[in-house]
1. Helix by helix, which DSSP H runs in the chain go 15 Å or more along their axis at the Cα atoms and have an average Kyte-Doolittle hydropathy of -1.0 or more?
2. Looking at the chain, which trypsin sites (Lys or Arg not before Pro) are DSSP coil and have at most 14 other C-beta atoms within 10 Å of their C-beta?
3. Output the relative contact order of the chain, whole-number percent, from Cα pairs under 8 angstrom with separation of 6+ residues.
4. Counting each DSSP H run of 4 or more residues in the chain as -39500 (n - 2.57), what helix-only mean residue ellipticity at 222 nm follows after dividing by all residues, to the nearest 500 deg cm²/dmol?
5. Please report, for the Cα atoms of segment 5-85, the Rg to one decimal and the Dmax as a whole number; what are they, in angstrom?
6. Restricting attention to the chain, which GluC sites (Glu not before Pro) occupy a DSSP loop and are surrounded by at most 11 other Cβ atoms within 10 Å?
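Derivation of every value follows stated rules applied to the coordinates shown; laboratory data play no part. In this text the structure is predicted, and so the values were computed from the model without any measurement. Backbone-built Cβ (ideal geometry, glycine too); neighbour counts: all protein chains shown.
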Amino acid sequence: MANHKSALKRIRRNEKRRVHNRYYAKTARNAIRKLRGTEDAKEATTQLPSIISMIDRLAKRNIIHNNKAANLKSKLTKHVSTLASA
């Protein structure tokens, strides 16, 4: 158990941030899953910029690693381009 008032506050704050970060990470994961599942090229091209923006925000706030963000963006862009060319 924490011995200091500041440690108790830190525990409360960490839990609040953890829940907040999980919400945004889960929302982004669901959006990515939806984009990967779509077969319509027009819909995919309209969704891609907003999803890339979500991924960039998660990386900027250190919720996901920068390299993971880059890999996700690369794979999603490749997926959308194959839909567009097919």
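1. Correct list, ordered by number: 41-60, 66-85.
2. Answer in residue order: R61.
3. The value is 30 percent.
4. -30000 deg cm²/dmol
5. That works out to 15.9, 60 Å for Rg and Dmax.
6. Of the GluC sites (Glu not before Pro), the ones in loops of the chain whose Cβ has at most 11 other Cβ atoms within 10 Å are E39.
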